[in-house]
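Presented below is the structure to which this report refers.
Values in this text are rule-based calculations from the coordinates and carry no lab data. Owing to the predicted nature of the structure, the values given are computational and were not obtained by experimental measurement. For neighbour counting, all protein chains shown are included, and Cβ atoms are generated from backbone atoms with ideal geometry for every residue, glycine included.
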Amino acid sequence: MHQAPAPPAEPASYEAALHELEQLVARIESGQLPLDQMLAGYQRGASLLSFCRQRLDAVQEQIKVLDDGPLQPWVQQ
């Protein structure tokens, strides 16, 4: 019986996910990956992107709570 490979582990942090995503994009853009690896890389990239978006949304919600109201645009002074 052939077992399916285990899904990749969730990144340890936003920064780890972003780093892995950057490396993945570089490998895909190099054009050196076989088609099946490119597809797997694309799927992993989509998963990493979703992870990063979820983390950013969570931070945004925390900021809203800390500000006790709607987010205010950041203005550099």
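Can you give the FRET efficiency to the nearest 0.05 for Ser13 and Met38, using r as the Cβ-Cβ distance and R₀ = 30 Å?
Working: r = 26 Å, r/R0 = 0.87.
Result of the calculation: an efficiency of 0.70.
If the chain between Glu20 and Ile63 were fully stretched, how many nm would it gain, using 0.36 nm times the residue separation less the Cα-Cα distance?
Numbers: separation 43, 0.36 × 43 = 15.48 nm, distance 2.62 nm.
Using 0.36 nm per residue and subtracting the Cα-Cα distance, I get 12.9 nm.
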Fill in: Alpha-carbon gyration tensor eigenvalues x 5, square-rooted, for the range 14-67, Å
30, 10, 6
